């Protein structure tokens, strides 16, 4: 009889410890879920900030690109005009001789 009482006592202790471990695991998993929710919110905020920074930078890059293309166009036009003026000057010099 003593062995049966001892086995029942050990079984009760094991049951209580497994219940405690189960409760602890559930608590840890809840905290982990909350942590995942918070990190997901942080990542969403980072994405919004990145998009809000990227949009003006893209616009500025477009403006700079347009400005450089405009400067190149003006330079090519002035180069053509200068070469036409030089040709006319050469013709005028040859006519004077």
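Here r is the Cβ-Cβ distance between residue 28 and residue 4 and R0 is 41 Å; the resulting FRET efficiency, rounded to 0.05, is 0.70. Distance between the 7 Å Cα→Cβ label points at residue 43 and residue 60: 2.9 nm.
Values quoted throughout were computed directly from the atomic coordinates according to the rules given, and no laboratory measurement underlies them. Quick caveat, the model's predicted, so the values are computed rather than measured. Every residue, glycine as well, gets a Cβ built from its backbone with ideal geometry; the counts of neighbours run over all protein chains shown.
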